[in-house]
Structures are given as structure tokens and as C-alpha cells.
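Have a look at the structure below, then the notes.
Bear in mind these aren't lab numbers, they're just calculated from the coordinates by the rules spelled out. Since the model is a prediction, treat every value here as computed from it, not as a measurement. Cβ sites come from the backbone with ideal geometry, for glycine too, and all protein chains shown count toward neighbours.
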Amino acid sequence: MKILVTGGAGFIGSAVCRYLVSERGLSVVNVDKLTYAANLASLSSIETDANYRFERADITDRAAMDAIFARHAPDAVMHLAAESHVDRSITGAADFIDTNIVGTYQLLEAARGYWESLDGARRDAFRFLHVSTDEVYGSLGSEGLFHEDTPYDPSSPYSASKAASDHLAIAWGRTYGLPVIVSNCSNNYGPYHFPEKLIPLVVLNALEGRPLPIYGDGSNVRDWLYVEDHARALYLLLSKGRVGEKYNVGGRNERSNLQVVERICGLLDAHAPKNHPYADLITFVDDRPGHDARYAIDATKTEREVGWRAQETFETGLEKTVLWYLEQESWWRPLRDGRYAGERLGLLKS
């Protein structure tokens, strides 16, 4: 089986590529335009594998997508390419509209043209897995969970662009018959995470003795999913999921942002102690505009239909993550020095 993975040099995409090649022995074509958040170093363990190929291309470029489909003849697509950082979408929405909406449209059209050219058996077996986020559902109150039929209510330019891409993928299935499956995941974390996101930002700021910024009062809640658990779920959804269906993927690990940061501080106190508790660095800052209060996913459908369940608890996954960053400065140091130094993003100018 040969799978075309878009965004395979990103955080989740690279985990998917590593899993498919190393754990499943499958052929992977990684299509990525290598934006600031992409990192081919995340794929060093498979870059010389005979089952791995890399294509530098932009999913908004229809001609390039058509050529890649023709050249590699994949059996399936896992679409993960996206601009993904909410803070950046607040002050630079154009890239999110272009990649997440226009890019998804161009990719769907390229996939449709290719799929329609296939013979009976290969055409029947082809799948297009569109990977999305729980942020499309908006904000939960203190109770309840997101279900697959929860109405969309996006709050940020990022989540609005992902909601639009979800609707496009579903529509291409209903209108043209393209065998589409849609997944919506909770907050991912783990090794190889670009340091603008909460967990790696806090780890690296702490190691450098810099403030640990927490938006508002830190009460915003997220459901955390270890990235390698997510990679397994996506493979199972591609293999066993029902065409035309949506599936939520979550770790059942709700934590407030303050709880997450305090736990990171405790782990660093244990594994990289300094002469003061890391929690002394916690600093509360102005909240993000449109900051959703709580996300929480009901993953029952995914667990029941494809036999998946998260293997990591938040405690075990977070400790693995913190230890990885302590041991892998050679991976994150070039990013920290050259691409993103930890500055605040997403601030509206007065």
C-alpha cells in the first residue's frame, strides 16, 4: 500500500510518516512545501528507507499535485498539510485561508481526477482521509463533550479555515463520490513539536530561565492526545473507517493550561533541577482574543469502530515528551535560534 501524506514534515505529519514506514512497513510519499514549522530533521529515522519519498510542493499548486499523483500512483491520501497555530492566524489569516481552504480544494480536485482514472478494484479501495481539529466545534461549557454531530462554531481564523476545509471534504464525498473520511482530533503533544506551541514553549523557556506565559488565568481546558497515539488512530481510520463518516480522536485527558504548566515544572524539577522551583517562572499574561474556554472529545465512535484506544495517559506521555526535549537539543536548538525564539504571538495592535 502506498500512501500520500500531505504536511509530512510537520509535527503530526512526521509522526504519521514515521509510524507508517517504521511500524507498518508501508510506502509513503511525503508532500510538504516546508513552511517555518516544517522540519525534515523530524524524519531522519526514515529518510533513507526504500519505502519513503519526499516531494517538496505546495498543495495550492494544482499542476504540481496532478504530477505527484501521476508519478507515485498512491492507494490513499492522508491530508494533514495546514497552517495550524491559532496565535499566528489572529495576525496573519491570509496564509490560513490559502493553505487550509484553497489548498484543500486543489488537493481534493487533484485526488478526484486521479481517483476517477483508476480501474475498478483500485478505485474501490482508494481513500482520502482529511485530518482536522476539535477547534471547529468552538467552546464547551464546564460540562459535555464534542461528538461527531456537534454543530460547528469556530472562534478563530484558524478554526474557521479548518471548518471550511472539513465542509469541502465532506461535500466532495457527497457530490462527486470521492471516498472521504474526516477526523477531528484534540490537542496533540509529544516529541518533534515546533516550539511555538504550549508544551514545548514552556519546556524550553523554563530551561533558559525565561517567563512561562499563561494566557488569562490559566483556566482554559484542553483534551490532550499523545501524537503517536494519534498516528495509530489515523492509520486505523484510513484502513477501517467508513467512507463518508466523521470520527473524533481524543485522549480523554482534560487539563487546564495552568495544570499543564505546573506539571511540566514538576517534571523539570525532578529531571533537570535548578536552584529554584521552575514554577517560580510562571507569568500570567493578557488572554488571547477569542480564546475558547474548553475542548473535550468523545472518542467512543473511533474506539468502537476501528478498535483504537490511546495508550498514553497524560502523565506518561508528558514525561516522555519532557525527557525527549531534555535529550534532543540538537533538534530544537536550530529552531529556537533561527525560526522562533519564544516571543509572544497573536497580539492585536491598538
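Taking Ser117 as the residue in question, decide whether it is of a type in the set (Ser, Thr, Tyr) and touching a helix residue (DSSP H, G or I) at 6+ places or on another chain (Cβ under 6 Å). Spelling it out, it is not the case that Ser117 is of a type in the set (Ser, Thr, Tyr) and touching a helix residue (DSSP H, G or I) at 6+ places or on another chain (Cβ under 6 Å). Across the range 296-317, which residue is nearest to the chain's Cα centre (by Cα) among those that are within 26 Å of Gly141 (Cβ to Cβ), outside any loop (DSSP other than H, G, I, E, B) and β-branched (Val, Ile, Thr)? Out of the qualifying residues, it is Ile297.
For first residues located in the range 297-308 and within 18 Å of Arg222 (Cβ to Cβ), partners that are among the acidic types (Asp, Glu) and surrounded by 15 or more Cβ atoms within 10 Å (Cβ to Cβ) and lie 6+ apart or on another chain with Cβ distances below 6 Å form the pairs Ile297/Asp134; Ile297/Asp223. Filtered by the rule that a residue be touching a helix residue (DSSP H, G or I) at 6+ places or on another chain (Cβ under 6 Å), among the charged types (D, E, K, R) and over 17 Å from Asn100 (Cα atoms), the range 55-80 gives Glu55, Asp66. Looking only at the range 233-287, how many residues end up being within 20 Å of the chain's Cα centre (by Cα), in a loop (DSSP other than H, G, I, E, B) and charged (D, E, K, R)? The number of residues fulfilling the criteria is 2. Exactly one residue out of Ser139, Ser132, Ser155, Ser159 is closer than 26 Å to Val227 by Cα and touching a Gly at 6+ places or on another chain (Cβ under 6 Å), and it is Ser155.
Here is a yes/no grid of residues against (1) in contact with a strand residue (DSSP E or B) (Cβ under 6 Å, 6 or more places away or on another chain); (2) of a type in the set (Lys, Arg); (3) closer than 23 Å to Ser330 by Cβ:
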position: Val21; (1), (2), (3): yes, no, yes
position: Tyr36; (1), (2), (3): no, no, yes
position: Phe69; (1), (2), (3): no, no, no
position: Pro74; (1), (2), (3): yes, no, no
position: Gly92; (1), (2), (3): no, no, no
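In the set Asp95, Asp49, only one residue is assigned to a helix (DSSP H, G or I) and over 19 Å from Arg127 (Cα atoms); that residue is Asp95. Lys349 falls short on exactly one of the conditions (1) surrounded by fewer than 18 Cβ atoms within 10 Å (Cβ to Cβ); (2) touching a Ser or Thr at 6+ places or on another chain (Cβ under 9 Å); (3) part of a helix (DSSP H, G or I), and that condition is (3). Look at the range 18-36 and say how many of its residues are part of a helix (DSSP H, G or I) and in contact with a helix residue (DSSP H, G or I) (Cβ under 6 Å, 6 or more places away or on another chain). The number of residues fulfilling the criteria is 1. Within the range 137-166, restricting attention to residues that are among the hydroxyl-bearing types (Ser, Thr, Tyr), within 23 Å of Asp95 (Cβ to Cβ) and assigned to a loop (DSSP other than H, G, I, E, B), the residue that is nearest to the chain's Cα centre (by Cα) is Ser156.
Scanning the range 175-231 for residues that are in a helix (DSSP H, G or I), within 19 Å of Asp269 (Cα to Cα) and more than 21 Å from the chain's Cα centre (by Cα) turns up Asn205, Ala206, Leu207. With respect to the conditions (1) in contact with a Lys or Arg (Cβ under 8 Å, 6 or more places away or on another chain); (2) under 24 Å from Ala63 (Cα atoms), Leu4 lacks only one, and its number is (1).
As a summary of the residue check, Tyr36 satisfies the conditions (1) aromatic (Phe, Trp, Tyr); (2) under 16 Å from Cys185 (Cβ atoms); (3) surrounded by fewer than 19 Cβ atoms within 10 Å (Cβ to Cβ) except for the one numbered (2).
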